[in-house]
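J.: Structure incoming, see below.
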Amino acid sequence: MGTDVTPARPGLTQASPTLRDLGWSGERAASFGRHAADGLVPGRVVSSSGMLLALTAAGPTDVLLGRRRQRSSDDAEPGPAVGDWLALEPLPGEPGKAIARGVLPRRGTFVRSRASDGRPQILAANLDLAFLVSGLDHDLNPRRIERYLLLAMEGGVTPIVVLNKVDIALDLSAAVSAVHAVAAGTRVVVSSALTGVGLDEIRSHLRAGLTACLLGSSGVGKSSLVNALLGEEIQVVRALREDDSRGRHTTSHRELFHLPSGGLLIDTPGLRTVGVLGDAASLATTFADVASFARRCRFSDCRHEGEPGCAVQAAIRAGELSAARLASHRKLEAELQSVALRADVRSQRAEGRRLGRLYKHHGKLAERHKRGET
């Protein structure tokens, strides 16, 4: 059973890390040149607790969003988010405050579609690794892991599946087999934040300069893993419900931590839903087994629904592919198509509004011209 602890200031451990510790490099500095010429300074977002908190060379900085950024926060390019590098304009006379004037190009992201409207929601930016955490008590869900893997592939992030709470595993062998069936080729780590099993293997991936995030539903032990990796009680850990071993949503915001190893780790709140984003290539990579069998079908446009010469259905009959795996592939394919359609509709509406404003502007200019004002 966990106990409540008081967290430190978001994103910071014992001593504030430098920009170099946070991943600032000569390459990033070179790309920042035009911003530096405008008097802006770089900072990395380390917390999304209420107001964004970034770390700059001058120390922790509260980030204010400019009006343009606020208006465009729901557009196709979401952000800023924890892990982002920002071009910041310090506020004169207000130490520790700055306005975000730009988001530097990202290299690896984890973005889901919001359940409410299908818009993209970025969970973490500039990632090298994503630890996809499931609990070995009641949480393990292969279908959810497939969704995480799809988003990792789409965002260009290397996934590592972490099966936590091995100390209370219900059936470890069956759980590991179920994960390997949906995550072939993906590293799987069995861990326990309580006993320390698997922590050294996780640490081995958190080398200096690399950024990873922890993703998973509530109660899988992400906060406990953060505390164990930090070597101190930073994140709040609360008691689990005895009926289903699930915890409350202890982490309420995203935070970036600088680990003793020099690696960087972003903790995220428990996810209730994992709306997918992606294209056919990401889906094919995530479901490489289905794609491999599909290439052997007699017809290139085979839907695997009883067509003659369907290699996918033959694999199911032979026990080489599960029907549940194919059903999940179909569901995610349909969901991706729906998300893409909604995005297309939003794009068309946005273009209509833009053209409307343009016509209105030209109409006003024409009226002024008629009145001899131009």
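J.: Answer yes or no: is there a residue in segment 126-140 that is among the polar types (S, T, N, Q) and surrounded by fewer than 20 Cβ atoms within 10 Å (Cβ to Cβ).
T.: Residues of segment 126-140 that are among the polar types (S, T, N, Q), as a first pass: 126, 134.
Narrowing the set further to residues that are surrounded by fewer than 20 Cβ atoms within 10 Å (Cβ to Cβ) leaves none.
No, that holds for no residue.
J.: Then there's this: I'm trying to understand the selection: among the residues of segment 48-57, which are assigned to a loop (DSSP other than H, G, I, E, B) and either touching a Cys at 6+ places or on another chain (Cβ under 8 Å) or of a type outside the set (Gly, Ala, Ser) (or both)? So that I can check it myself, show each step before the final result.
T.: To start, the set of residues in segment 48-57 that are assigned to a loop (DSSP other than H, G, I, E, B) comprises 48-51, 57.
Met51, the sole residue that qualifies.
J.: Quick check, is Leu172 out of contact with any Pro (no Cβ under 7 Å at 6 or more places or on another chain), assigned by TED's automatic domain parsing to the domain that holds Arg207 and either farther than 30 Å from Val63 by Cα or modelled with pLDDT under 90 (or both)? Before you say what the answer is, go through the steps one by one.
T.: Numbers: out of contact with any Pro (no Cβ under 7 Å at 6 or more places or on another chain): yes; assigned by TED's automatic domain parsing to the domain that holds Arg207: yes; either farther than 30 Å from Val63 by Cα or modelled with pLDDT under 90 (or both): yes.
It is true that Leu172 is out of contact with any Pro (no Cβ under 7 Å at 6 or more places or on another chain), assigned by TED's automatic domain parsing to the domain that holds Arg207 and either farther than 30 Å from Val63 by Cα or modelled with pLDDT under 90 (or both).
J.: Which residue pairs have Cβ atoms under 7 Å apart, sit 6 or more places apart or on different chains, and have a first residue in segment 34-47 that is closer than 25 Å to Ala124 by Cα and a second that is aromatic (Phe, Trp, Tyr)?
T.: Pro42/Trp24; Pro42/Phe32; Pro42/Trp85; Arg44/Trp85
J.: Hey, another quick one. Could you please give the count of residues in segment 295-329 that are in a loop (DSSP other than H, G, I, E, B) and within 18 Å of Ala183 (Cβ to Cβ)? Walk me through how you get there before you give the answer.
T.: Start the filter on segment 295-329 by keeping residues that are in a loop (DSSP other than H, G, I, E, B), which leaves 295-310, 318-322.
Of the ones still in play, those that are also within 18 Å of Ala183 (Cβ to Cβ) are 320-322.
Number satisfying all stated conditions: 3.
J.: Then there is this: In segment 25-47, what residues are assigned to a helix (DSSP H, G or I) and either surrounded by 10 or more Cβ atoms within 10 Å (Cβ to Cβ) or aliphatic (A, V, I, L, M) (or both)?
T.: Narrowing segment 25-47 to residues assigned to a helix (DSSP H, G or I): 26-31, 33-37.
Residues satisfying the conditions are Arg28, Ala29, Ala30, Ser31, Arg34, His35, Ala36, Ala37.
J.: Every residue in segment 158-206 that is in a strand (DSSP E or B), surrounded by fewer than 19 Cβ atoms within 10 Å (Cβ to Cβ) and of a type in the set (A, V, I, L, M, F, W, C), please. Quick ask: steps written out before the conclusion?
T.: Our first condition is that a residue be in a strand (DSSP E or B); within segment 158-206, this holds for 158-164, 187-190.
In the following step, the residues that additionally are surrounded by fewer than 19 Cβ atoms within 10 Å (Cβ to Cβ) were identified as 158, 187-188.
Result: Val188, single match.
J.: On the basis of being among the hydrophobic types (A, V, I, L, M, F, W, C) and in a helix (DSSP H, G or I), does Leu151 make the cut?
T.: Answer is yes for this residue.
J.: What strands (runs of 3 or more DSSP E), lying completely within segment 78-145, carry at least 2 residues that are over 27 Å from Val166 (Cα atoms)? Walk me through it before giving the result.
T.: Details: elements: 85-90, 97-103, 109-113, 120-125, 129-135.
In segment 78-145, 85-90, 97-103, 109-113, 120-125 are the strands (runs of 3 or more DSSP E) which contain 2 or more residues that are over 27 Å from Val166 (Cα atoms).
J.: Just to be sure I understand, how many residues within segment 306-338 are under 28 Å from Gly156 (Cα atoms) and either among the acidic types (Asp, Glu) or assigned by TED's automatic domain parsing to the domain that holds Leu151 (or both)?
T.: Total meeting the criteria: 2.
J.: So, one more: Test of understanding: among Leu149, Leu129, Leu123, Leu163, which residue is in contact (Cβ under 8 Å) with a residue 60 or more places away in the chain and under 14 Å from Ile202 (Cα atoms)? Let's see the steps before the verdict.
T.: Details: Leu149 fails: under 14 Å from Ile202 (Cα atoms); Leu123 fails: under 14 Å from Ile202 (Cα atoms); Leu163 fails: in contact (Cβ under 8 Å) with a residue 60 or more places away in the chain.
Criteria check complete, one pass: Leu129.
J.: Could you please find all residues in segment 272-305 being outside the structural domain of Lys331 (by TED's automatic domain parsing) and in contact with a Gly (Cβ under 8 Å, 6 or more places away or on another chain)?
T.: If the condition is that a residue be outside the structural domain of Lys331 (by TED's automatic domain parsing) and in contact with a Gly (Cβ under 8 Å, 6 or more places away or on another chain), then Gly275 is the only one that fits.
The values are calculated or read from the model by the stated rules, or taken from the named source; none is laboratory data. Source: prediction; values computed, not measured. Every residue, glycine as well, gets a Cβ built from its backbone with ideal geometry; the counts of neighbours run over all protein chains shown.
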